[in-house]
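Structure first, then comments.
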Amino acid sequence: KEKVEITKEQQALMKVIADAYNRHQIPQDVAKKLLQDQYSAEENFLLLTEMATSQVQVLVEFTKNIPGFLSLNHEDQIALLKGSAVEAMFLRSAQVFSKKMPNGHNEVLEDRIRRSGISEEFMTPMFNFYKSIGVLHMVQEEQALLTAITILTPDRPYVKDQQAVERLQEPMLDLLRKLCVLQHPQKPQYFACLLGRLTELRTLNYYHAEMLTSWRMNDHKFTPLLCEIWDVE
Ligand SMILES: O=C(NC1CCCCC1)[C@H](C1CCCCC1)n1c(-c2ccc(-c3ccccc3)s2)nc2ccccc21
């Protein structure tokens, strides 16, 4: 049986990433707002654009704390953020969705999202992903590392120095693998399962522009930042 040990520098890396992730939490108020009232498709779309805009700003701050990220080529830094922002949004949404809430609130939240204005065809892949994240019961450190690993995906479009990104992603993957073995000793496949979620996340990325333009309303307005990130307008 392999004796898994987290080294001193891996402990330091974990602390930096986890602190950055906790410091840059999105207020969980989107779930509270959705539980308060059933909004119209227009109001929900506005809520999404507000939440998404602040989430991108939070993501940039988190990313700046990833050791080595700011030493990457500047265009590559932008390419990594642009390439991962939507996935980070769905990952964060999945975490918000999976939070255990008082009786019946999780069902109400699901119903509010189902009736938010998103077209029917995207519900199944989206909720399948949310449920597959939920059953993993990830701890904060795993969520933080998984977000950092998603951002540091070397094969995003327009990334020039992929090796430099791989060199930053590898220590995160190694640390996450050890963490999974230590946190979930009874689930030897847990690490592989987490990485499988990243593949599922990419398929949601594929749908995101159409999810937005097919939102059941006319005249979809986006902030300039979201036009950059969402490949819309
Ligand atoms: O506000 C939200 N998510 C915040 C984003 C930033 C980080 C915190 C969460 C939206 C709301 C959905 C209902 C209507 C209002 C907006 N949301 C979604 C999304 C469904 C589709 C989404 C999307 C993203 C990009 C492109 C195309 C589509 S996000 N899943 C949720 C699961 C649980 C709680 C909220 C959730």
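Just a few scattered comments:
- Of the trypsin sites (Lys or Arg not before Pro) in region 143-213, the ones in a loop by DSSP (not H, G, I, E or B) with at most 14 other beta carbons within 10 Å are K160.
- When you filter the trypsin sites (Lys or Arg not before Pro) in region 43-106 for DSSP loop state and at most 16 other Cβ atoms inside 10 Å of their Cβ, you are left with K99, K100.
- Using C-alpha pairs below 8 Å separated by at least 6 residues, the relative contact order for the chain is 30 percent.
- Pairwise centroid distance, computed over Cα atoms, of region 132-186 with region 189-204, Å: 10
- Per DSSP, loop chymotrypsin sites (Phe, Trp or Tyr not before Pro) in region 94-164 with at most 16 further Cβ within 10 Å: Y158
- Prolate/oblate/rounded label for the chain (Cα gyration tensor, a/c 1.5): oblate
- Between T53, T63, T124, the Gaussian network model of the chain with springs among Cα atoms under 10 angstrom shows the greatest mean-square fluctuation at T124.
- Residue with peak Gaussian network fluctuation, the chain [Cα springs, cutoff 10 Å], from S54, S71, S214: S71
- With Cα atoms defining each centre, region 37-100 and region 205-233 are spaced 14 Å apart in the structure.
- In a reduced charge model with +1 at each Lys and Arg Cβ and -1 at each Asp and Glu Cβ, region 66-205 shows a dipole moment near 340 debye about its Cα centre.
- Efficiency of FRET between A41 and Q186 - r from beta-carbon atoms, R0 30 angstrom, step 0.05: 0.10
- Accessible area per residue for the chain, computed on protein heavy atoms with a 1.4 Å probe, is 52 Å².
- Short to long, the 5 Å bins of the Cα pair-distance histogram for region 36-83 hold 5, 18, 21, 16, 11, 10, 9, 6, 4, 0 percent of all pairs.
- The residue among Q162, L194, T223 whose Cα reaches farthest toward the positive pole of the charge dipole of region 141-233, with charges on the beta-carbon of Lys, Arg, Asp and Glu, is L194.
- Residues considered: Q57, Q143, Q189. Largest GNM mean-square fluctuation over the chain, using C-alpha springs under 10 Å, is found at Q189.
- Paired Rg and Dmax values of region 105-233, which use every Cα atom, in angstrom: 17.3, 51
- Surface share of carbon and sulfur [accessible, 1.4 angstrom probe, percent] for the chain: 57
The values are calculated or read from the model by the stated rules, or taken from the named source; none is laboratory data. Computed from a predicted model, the values in this text were never measured in an experiment. A quick note on method: Cβ atoms are made from the backbone with ideal geometry, for glycine too, and the neighbour counts reach across all protein chains shown. The area values use the complete protein model at the heavy-atom level, side chains included, leaving out ligands, DNA and RNA. Shrake-Rupley method; radii C 1.70, N 1.55, O 1.52, S 1.80 Å.
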